[in-house]
Amino acid sequence: MFKLFKNLLLVGVVLIRSMLRKKHLAPVIISVLLITGCIITYLFVHKTFLSVEETNIIYQDIVNNEFFTEGDLAMKFRTLPSISADGRYIVYNDIIIEGRDIKDIEIRLYDRKENNLVDIPNINSKGWDLYPSISKDGRFIVFQSNRTGKHFWNIYLYDTKEQKLVDLPGLNTFLPDINPSISADGNIITFASVRTGRLDIYTYDRRDRKVIPVPSF
């Protein structure tokens with residue numbers, strides 16, 4: 001395309017020089033207009049069609065009358081719910097998607113009585129926090145997380161009253177400990193683990209801090 005416009009410009013310049021020598025002003029004016037048109041057309045075409053990498057798709061939120069680009073576009077999926085025995089609290093996962101990637105997986109706590117989310121600081125991390133399970137009164141939330149490393153899954157317990165994690169000495173290993181569930185009173189945690197080389201089910205008692213395998217039948 002550039003060569004085409006270059007050749008047209010050269011022809012125009014030759015015509016102008018020829019007409020000036022013969023003192024024919026009308027053709028000169030026409031040639032100048034043609035050259036100007038070529039330049040404008042080239043700039044427009046080059047900017048519009050050859051610089052696609054500089055363009056952005058703009059989205060409009062018609063409800064809030066806000067504009068944002070594709071890079072700002074994110075989606076959330078809510079999944080893996082667990083409800084307290086009294087039916088008041090629901091704990092679940094928010095999976096945040098940006099583009100084609102999972103940006104984060106976080107835990108949310110919903111109070112059905114108050115009809116709002118409950119503030120649970122210090123529970124979520126930069127890793128993925130998954131499979132939450134809640135005690136009967138909604139005080140304790142057990143979950144798995146890879147916050148210490150991408151492939152290191154461990155079990156964690158959160159106290160919604162104290163708003164902090166509770167120590168679980170003797171529970172976790174260097175192998176994946178996953179899919180926890182908590183008893184109504186918040187003292188017994190069941191989970192799966194490959195600590196013996198195969199996936200199996202275990203219980204952990206917070207009172208005596210012991211892990212006991214569930215017998216096979």
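Please treat every number below as a calculation from the coordinates, not as lab data. All values reported here derive from a predicted model rather than from experimental measurement. Here the Cβ positions follow ideal geometry from the backbone for every residue, glycine too, while neighbour counts run over all protein chains shown.
Data table
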item: Burial order of peptide ranges 94-103, 123-132, 79-88 (average beta-carbon count within 10 Å, highest first); result: 123-132, 79-88, 94-103
item: Per-peptide average of other Cβ atoms within 10 Å, ordering 195-203, 145-153 highest first; result: 145-153, 195-203
item: Fraction of the pair-distance distribution of segment 74-213 above 22 Å, Cα-Cα pairs, percent; result: 36 percent
item: Segment 154-217: C-alpha gyration tensor shape, a/c 1.5 cut-off, then a/b vs b/c; result: prolate
